[in-house]
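Everything below concerns the one structure shown next.
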Amino acid sequence: MRKIIVLSFISLDGVMQAPGGPEEDSTDGFKYGGWSFYYFDDFLGKVMDEQMGHDFDLLLGRKTYEIFASYWPHVDPEKEPGAAALNKAKKYVVSKTLNNLSWENCILINKNVVEQIKKLKECIGPEIQVHGSGNLIQTLFKHNLVDELWLKIFPVTLGKGKRLFAEGTNAAGFELFESETSPSGVIITN
């Protein structure tokens with residue numbers, strides 16, 4: 001069975017909203033977009049390269065798909081190592097509103113989402129990584145479909161914003177397989 005792995009940048013208080021920039025997601029007046037930049041260093045870049053340096057598929061919610069599809073297909077893979085891996089990956093996009101997916105190698109999931117994702121897990125193929133996609137992650141948690149969490153916990157609190165473990169998340173226990181800390185203080189856990 002294939003694993004679903006959630007890769008997420010989160011603050012110490014669990015916020016995952018808009019780590020990359022203010023334009024990513026300003027829902028509910030969130031004004032701290034880009035909070036991860038100050039802490040991103042070569043060490044964290046190497047971790048990301050390792051986690052994305054093998055075959056994987058992607059499972060994305062609509063908002064994350066739109067952000068990724070507007071950026072990654074247009075990036076020079078020589079300058080951004082993650083571009084090649086993301087562009088090559090098969091991308092499963094969960095959306096009730098999208099009709100056309102312009103990014104190569106995309107498959108739309110717009111009906112019976114939980115059942116379709118369960119079928120994906122049963123198929124032969126590489127691990128399925130979830131990046132961003134906060135609403136989708138809540139659905140995955142609710143239906144016990146997440147197998148692993150690969151978290152990058154940044155030494156910052158934001159006070160408000162969309163949280164990885166949102167209101168209503170099921171109670172669960174986790175096992176820590178490994179952890180390390182970057183020179184800038186980011187805790188990397190698997």
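The values are calculated or read from the model by the stated rules, or taken from the named source; none is laboratory data. Predicted, not measured: the structure shown is a model, and the values here were computed from it. Ideal geometry is used to build each Cβ from the backbone, glycine not excepted, and the neighbour counts take in all protein chains shown. The protein model used for the area step is the full one, side chains on, heavy atoms only, and it has no ligands, DNA or RNA in it. Shrake-Rupley method; radii C 1.70, N 1.55, O 1.52, S 1.80 Å.
The stretch between E167 and D147 holds 5.2 nm of extra length on full extension. This uses 0.36 nm per residue minus the Cα-Cα distance. Rolled with a 1.4 Å probe across the full set of protein chains, the surface gives F177 an accessible area near 140 Å². In plain terms, the chain from K96 to K46 could stretch by 14.5 nm, reckoned as 0.36 nm per residue minus the Cα-Cα distance. Across region 101-190, Cα pairs under 8 Å and at least six residues apart give a relative contact order of 27 percent. With N denoting the number of residues in region 81-124, provide Rg(C-alpha) divided by 2.2 N^0.38 Å, to two decimal places. Dividing the Cα Rg of region 81-124 by 2.2 N^0.38 Å gives 1.28. How many angstrom lie between the Cα centre of region 148-168 and the Cα centre of region 66-113? The distance from the Cα centre of region 148-168 to that of region 66-113 comes to 24 Å. Note that region 127-132 has calculated 3J(HN,Hα) couplings of 4, 10, 9, 10, 10, x Hz, one per residue in order, obtained from phi through the Karplus relation 6.51 cos²θ - 1.76 cosθ + 1.60 (θ = phi - 60°); glycine and proline are x. Taking a sphere under 13 Å around the Cβ of E167 and counting the other residues whose Cβ falls inside, with K and R at +1 and D and E at -1, yields a net charge of +4. At full extension, Q116 and D55 could sit 19.9 nm farther apart than now, given 0.36 nm per residue minus the alpha carbon distance. Among I10, I153, the sequence by solvent-accessible area, most first, with a 1.4 Å probe is I153, I10. Amide hydrogen proximity for W150: with H placed 1.01 Å from N in the peptide plane, the residues at 5 or more positions away or on another chain lying under 5 Å are V6, L7, S8. Only Cα pairs under 8 Å and 6+ residues apart enter the sum, and on that basis the relative contact order of region 1-109 stands at 18 percent. The DSSP beta bridges internal to the chain are antiparallel in roughly 25% of cases. Computed 3J(HN,Hα) for region 163-177, one whole-Hz value per residue from the Karplus formula 6.51 cos²θ - 1.76 cosθ + 1.60 where θ = phi - 60°, is 9, 4, 9, 7, 3, x, 5, 5, 5, 7, x, 10, 10, 8, 8, glycine and proline marked x. Max-minus-min Cα coordinates of the chain on each principal axis give 43, 40, 36 Å, with the largest extent listed first.
Of the residues Y71, Y39, Y92, ranked by 1.4 Å probe accessible area with the largest first, the sequence reads Y71, Y39, Y92. Look at the dipole of the chain built from charges on Cβ: of I187, T64, V113, the Cα furthest out on the positive end belongs to V113. Taking K121 as the anchor, which aspartates and glutamates have their alpha carbon closer than 14 Å to its alpha carbon, excluding any fewer than eight residues away along the same chain? Cα-Cα hits under 14 Å: D57, D147, E148. Heavy-atom accessible surface of M52, to the nearest 10 Å², is about 20 Å², with a 1.4 Å probe and all protein chains retained. Its Cα centre serving as origin, the chain has a Cβ charge dipole (Lys and Arg +1, Asp and Glu -1) of approximately 820 debye.
Evaluating 6.51 cos²θ - 1.76 cosθ + 1.60 at θ = phi - 60° for every residue in region 20-27, the Karplus couplings come out as x, x, x, 7, 4, 6, 9, 3 Hz, glycine and proline recorded as x.
Each Cα pair under 8 Å and six or more residues apart adds its sequence gap; the mean of these over the residue count of the chain is a relative contact order of 37 percent. Remark on Y92: its backbone amide H falls under 5 Å from those of L58, L59, L60, I107, a criterion applied only to residues 5 or more positions apart or on other chains, H modelled at 1.01 Å from N. Which value, in Å² and to the nearest 10, is the accessible area of D13 when all protein chains are kept and the probe is 1.4 Å? So the heavy atoms of D13 present about 40 Å² to solvent. Among L149, L164, L60, the largest mean-square fluctuation in a Gaussian network model of the chain, built with springs joining Cα atoms closer than 10 Å, belongs to L149.
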